[in-house]
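Input: a single structure, listed below in structure tokens.
The values are calculated or read from the model by the stated rules, or taken from the named source; none is laboratory data. Values in this document were obtained by computation on a predicted structure and should not be read as measured data. Glycine also receives a Cβ, built like all others from the backbone with ideal geometry; neighbour counts cover every protein chain displayed. For accessibility, only protein heavy atoms count, side chains too; no ligands or nucleic acids. Shrake-Rupley method; radii C 1.70, N 1.55, O 1.52, S 1.80 Å.
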Amino acid sequence: MILSNYSLAELHGKLKATGVCFRTGRFVSRVRSSIENVASDLLQIYAGAEVCEEGFVDFDIELAPSGGYRRLFKPQVNFSFNGYLPFQPLPQDQSLPLMEWGLNWCVSNHFQQALVIHAAVVEKYGKALILPGQPGAGKSTLCAALVSIGGFRLLSDELTILDCDSGHILPNPRPISLKNKAIKIVAGLPSGLNMSRTVEDTQKGSVALLQAPQISLASWDKEALPGLVIFPRFKADSEGGTLQDLSKGEAFLQLANQSFNYPILAERGFKAIARHLDQAHCYRFEYDGDLNAAVDALDGLMRDV
Amino acid sequence: MSERLIVKALKTPEQAKAFSDAQWQTFLSECYQTGLLARFFHIFTKRQLLQHIPTALLWHFQSADVVSQAHRRDIRIEVEHIERALKMVGIRPVFLKGVAYDLAHDEVAEGRVFSDVDIFISRPELDSAEHALGLHGWRQGKMTAYDRSYYRRWMHELPPMTHRERGMALDVHHSLLPVTCRYAFDAKELQLEDFQGHLVLALCDRIIHSFCHLLMESEFEKGLRDLSDLDLLFRLCADNDKWEMLLFRAEQLGVGRLCFYALRYSQLILDTPIPEAVLQQSQRWAPASFTLQAMDWAFPKVLVNASSMAVSRRIKMAHFVLYLRGHWLRMPLYLLAPHLARKAWMRISGRDQQETAA
């Protein structure tokens, strides 16, 4: 059974009462919320998520209206994990992005079974393509394009999970988070995927979420081998884009820096990156915004590794 | 009210064998809420119960253990740094709380969360210690001049310091309890032990320090975790001599009343094995029967249920009662009232933000 088997009224009723358990990437979450638009948002971007009524729940979370006099004129929402509130409340309109940030927080704070890197990652030909990048480098846009028009499988848009022993990627497919200009660009791609409404004025500007393709969701437990590590940068005047070899030493430091739990895993984290990079090729990639050309170029590289 | 699963499992870990799937799910939530995941990983490992955790939930316990071990590794490095910095001015710090348990190889260090390092420096050495730590990269957070002087004059520690590069927090204590507190004792009387060159409080004083803190609190968000620490510390008193010593030290330091409560509630809530004779002896520190009734009503609720999770009005009330008690014990009213009034005014007028920003 998937989430879209529920009608809006049914889903809202369940979210309000006992909560709904469904698969959010590798993990199963129980989500509770009495906020009306949470149900409709979930039906958009988690439409194909597997409902897990039986079995165990990893993350027990709630999006609850915050109390106090504020609720009368400016309703806010709190994210809670087993009753603990890790964030400040946000306007209720931002419940959906808050849930996504919250779920990322759950993984990056509580999952130490593997190295968790802040990077997008997709798969093709059985191999992984990791896209780390500072905010604004365009990793999510590129990731969305690779998935929408390049036939790549989405493994994760935010959290690349590296198995410490094998150096393989453990998928965690969840919706892709798009910001500001990227929203319009990705909406124009022929992906056939649901896109959420755009939420304005968040801490990160405007945010919209793109549903993860069904094929990615279905193969959440299928690991990917090391392939490419690409450090993307959007540069309007780079005409056709440029590819530049990156030394493994430098790639290593960058990946370690972008890891949430490298200091915690220490030696095991070191080994995870080392094993991955032993088998992966690393490049710097500047692209001019022509997503079709960028996807073709990366597809070509993937064929060769 | 039925007993929470987490309390059952702390009392008798073997009870977890009989947990249903739904109970394991609830137990996991309770572990997250109380910060006891890593502690249970240790308990279950030691009692060979790990295989009873449902496979799908095992990673939560393992991950918490990884974090606990990593913090433990980090604080050991921090201990070396702090000792080196203070050696320059000829001061040997005394390590307290979690770090002390780790250095002394107490079982209570297993599965504990080590969030910061606590050291004790005697009052006369405070200025030079602060200077040396500053030179070696420890910085105090921004605060108003009022807060700064408050810490020095009335509290038992300096404002928390953070290392510029490593980001590790350091609390420098110059007394074990707030100076104003009803049970304040002279820090010169503390007994120390040396573990491979590192100074820590002697076992009985470690235990006393632990329960003084727990029972003087006014907020009990992690009350059960602290009570579990205390339970494990009491279990280190394996023979009669140690128990005698504990009672003797509690008397000497003037914290008999707190010792009475600690023994009573640890035994009552977690079934800590405390000899009957010790409980009997501690009776001499019991409060008047009305007070005892009130404490017996409040403490078992508050130590087991965090106030942020509480739905029951009685539990909330119990938290409120102990909140008032905590403040009352720490500061006489003629100091507390002006302090709270001043803090409130600074918050309302926004002056605290202006001053810290400056």
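Once the gyration tensor of the Cα atoms in the stretch B:238-312 is diagonalised, the equivalent ellipsoid follows with semi-axes of 25, 15, 11 Å, ordered largest first. Mean sequence separation of contacting Cα pairs (under 8 Å, at least six apart), scaled by the length of chain A, corresponds to a relative contact order of 18 percent.
In the stretch A:105-133, comparing the full protein assembly with the chain on its own, the residues that lose 30 Å² or more of accessible surface at a 1.4 Å probe are A:His110, A:Gln112, A:Gln113. Rounded to the nearest 20 debye, the dipole size of the protein assembly as shown about its Cα centre is 1560 debye, using +1 on the Cβ of Lys and Arg and -1 on the Cβ of Asp and Glu. For A:Asn194, the residues whose amide H sits under 5 Å from its own are A:Gln211, ignoring neighbours fewer than 5 places away on the same chain, with H placed 1.01 Å from N. Sorting the segments A:26-39, A:49-62 by their mean number of nearby beta carbons within 10 angstrom, highest to lowest, gives A:26-39, A:49-62.
For A:Gly205, the shell of other residues with beta-carbons less than 10 Å away shows a net charge of +1, using +1 for Lys and Arg and -1 for Asp and Glu. Against the longest alpha carbon principal axis of chain B, how many degrees, from 0 to 90 and to the nearest 10, is the axis of helix B:126-135 turned? Tilt of helix B:126-135: around 90 degrees.
Phi angles of the stretch B:218-227 translate, via the Karplus equation with coefficients 6.51, -1.76, 1.60 and θ = phi - 60°, into HN-Hα couplings of 10, 10, 10, 4, 10, x, 5, 4, 5, 5 Hz per residue; Gly and Pro are given as x. Taking chain B as a Gaussian network, where each spring joins two C-alpha atoms under 10 Å apart, which residue of B:Asp205, B:Asp74, B:Asp241 fluctuates the most? Sorting by GNM fluctuation, first place goes to B:Asp241. Under a 5 Å amide H cut-off, with hydrogens placed 1.01 Å from N, A:Cys282 pairs with A:Val229, A:Leu246 among residues at least 5 apart or on other chains.
Database remark: amide H of B:Phe195 closer than 5 angstrom to the amide H of B:Val200 (H placed geometrically; neighbours at sequence offset of 5 or more, or on other chains; Pro and chain starts carry no H).
Quick check on the stretch A:201-305: take the gyration tensor over C-alpha atoms, sort the square-rooted eigenvalues as a ≥ b ≥ c, and tell me if it's rounded (a/c under 1.5), prolate or oblate. Rounded, since a/c falls under 1.5. Classify the stretch A:100-184 from the C-alpha gyration tensor, please: rounded if a/c falls under 1.5, else prolate or oblate depending on whether a/b exceeds b/c. It comes out oblate by the Cα gyration axes.
Backbone geometry of the stretch B:3-13 corresponds, through the Karplus equation with coefficients 6.51, -1.76 and 1.60 at θ = phi - 60°, to 3J(HN,Hα) couplings of 6, 5, 4, 5, 6, 4, 5, 6, 5, 9, x Hz, x marking Gly and Pro. Burial of accessible area (probe 1.4 Å, heavy atoms of protein chains only) in the stretch A:15-58, relative to its chain alone, reaches at least 30 Å² for A:Phe56, A:Val57, A:Asp58. For B:Lys87, a cut-off of 22 angstrom between C-alpha atoms picks up these lysines, skipping any fewer than 8 places away in its own chain: B:Lys97, B:Lys188. Please give me the summed charge of the neighbours of B:Lys46: other residues whose Cβ is under 9 Å from its Cβ, Lys and Arg +1, Asp and Glu -1. Once positives and negatives cancel, what remains is -1. Taking Cα centre as origin and charging only the Cβ of basic (Lys, Arg, +1) and acidic (Asp, Glu, -1) residues, the dipole magnitude of the stretch A:177-305 rounds to 420 debye.
In sequence order, the stretch B:45-62 has phi-based couplings of 5, 5, 8, 6, 10, 4, 5, 8, 5, x, 3, 5, 9, 4, 4, 4, 6, 4 Hz under the Karplus curve 6.51 cos²θ - 1.76 cosθ + 1.60, θ = phi - 60°, and Gly or Pro positions carry x. Per residue, the protein assembly as shown exposes 44 Å² of accessible surface when a 1.4 Å probe is rolled over the protein heavy atoms with every protein chain present. The charge dipole of chain B, taken about the Cα centre with unit charges on the Cβ atoms of Lys, Arg (+1) and Asp, Glu (-1), comes to about 1060 debye, rounded to the nearest 20. Entry note, chain B: the mean residue ellipticity at 222 nm calculated from DSSP H runs of n ≥ 4, each adding -39500 (n - 2.57), is -18500 deg cm²/dmol after division by the residues and rounding to the nearest 500. Under the rule a/c < 1.5 gives rounded, and otherwise a/b versus b/c splits prolate from oblate, where does the stretch B:5-354 land using the Cα gyration tensor? Verdict is rounded for the stretch B:5-354.
Once the Kirkwood radius over Cα pairs is known for the protein assembly as shown, the Stokes-Einstein relation at 20 °C and 1.002 mPa s delivers a diffusion coefficient of 77 µm²/s. For the chain pair B and A, the buried solvent-accessible surface (1.4 Å probe, both sides summed) amounts to about 1500 Å².
For the residue pairs A:Lys179/A:Lys235; A:Lys74/B:Lys343; A:Lys124/A:Lys181; A:Lys248/A:Lys271; A:Lys16/B:Lys316; B:Lys11/B:Lys222, the C-alpha atoms sit more than 19 angstrom apart in A:Lys74/B:Lys343; A:Lys124/A:Lys181; A:Lys16/B:Lys316.
Surface composition of the stretch A:9-160: carbon plus sulfur atoms hold 51% of the accessible area, using a 1.4 angstrom probe and ignoring ligands, DNA and RNA. The Rg/Rh ratio for the stretch A:115-304 is 0.94, where Rg is the radius of gyration of the alpha carbons and Rh is the Kirkwood radius. Net charge in the neighbourhood of B:Glu165 (other residues with Cβ under 14 Å of its Cβ; Lys, Arg +1, Asp, Glu -1) is +1.
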